[in-house]
Amino acid sequence: TDRKKLHTAPVGQVFRLRPFHVLVATGGGYAGYRKYEDYKLEQLEKRGIEVPVKLASEWEVALYKSVPTRLLSRAWGRLNQVELPTWLRKPVYSLYIWTFGVNMKEAAVEDLHHYRNLSEFFRRKLKPQARPVCCVHSVISPSDGKILNFGQVKNCEVEQVKGVTYSLESFLGPRISTEEMHFSQAPAGNSFQQQLVTKEGNELYHCVIYLAPGDYHCFHSPTDWTVSHRRHFPGSLMSVNPGVARWIKELFCHNERVVLTGDWKHGFFSLTAVGATNVGSIRIYFDQDLHTNSPSYSKGSYNDFSFISNNNKEGIPMRKGEHLGEFNLGSTIVLIFEAPKDFKFNLKAGQKIRFGEALGSL
């Protein structure tokens, strides 16, 4: 016949299967499958159908962690810094606005050509009147987002979503020494939760706010308080959307996070910024020494920084509504604080909230 002979190189020379390729392919495929499952759950919730809690097994969590989310997040961060040609800015930003429902009428600068790169667009400022700060209630929302859960902390466990909890001590880390706080702490013999409550008759409360990619990415001080200490936990950068938070127990303890602790007029107060996929960058405006999403870290490690012993003797005073920090894309804010027993939240689980609106009051 006149057919030409096809000469091929041995398969092993063309493609060498490496463990890293297997991990990326398997983990990435599984992550895609989970995204599809999350979408189905969201559709059921919209129809008012209650979805039973189904937690991930250890091997599923390990498989998800095999996805190089930290590397991908650093790559995403570098991509965000690339300056876009003027003619390309409007099409790129318009696609993002359409996909995530961004309201550009609230932006201080509405002209899309003004933002040189994606990073500037993500960190866009709002018009002063766009987010009025509630003066009546003692605690306001530090950011735009969705309320995942709120209420009293019970049995040293905090709910990340309904029915899925994480350890209070694992999340915040060991108790900070008394010398670094402005108030006396409970005896060491009590439970970790009781050690955080400094005044008789008070309770410990929590509130979890999820920031979607289309939300305003800066976060602010939720009340008048003094920041005494910062604790940085390097960790994974798994997605923190409500579907994954419902699936992975102690998700917030796995992920990288920055814990700010201090006190307000009723005692202990903390705000934690939790990292997520493509949110390797967590910035605290008054903390120039903080560097998140480093290429390597020791599992289970954390580093502490005291604003009393290193900067001044008074800590960092924050006023309600004052700029505090920002995410690279969107993530989660967790508030854990002490307040009298008559403190009431003015919230509903699942509701959308905007920075400056009331969370609760006495």
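Okay, here's what the table says:
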| item | result |
| --- | --- |
| Centre separation in Å (Cα based) which lies between segment 253-280 and segment 75-96 | 30 |
| Solvent-accessible heavy-atom area per residue, rounded to whole Å², over segment 198-303 at 1.4 Å | 29 |
| Protein accessible area in segment 189-291, 1.4 Å probe - carbon and sulfur % | 43 |
| Within the accessible area of segment 67-126 (1.4 Å probe), percent carbon and sulfur | 63 |
| Å² of accessible area per residue within segment 100-174, as computed with a 1.4 Å probe and no ligands counted | 45 |
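The values are calculated or read from the model by the stated rules, or taken from the named source; none is laboratory data. Everything numeric here is computed off the predicted structure, so don't read it as measured data. Please note that ligands, DNA and RNA were not included when accessible areas were found on the heavy atoms of the full protein model with its side chains. Shrake-Rupley method; radii C 1.70, N 1.55, O 1.52, S 1.80 Å.
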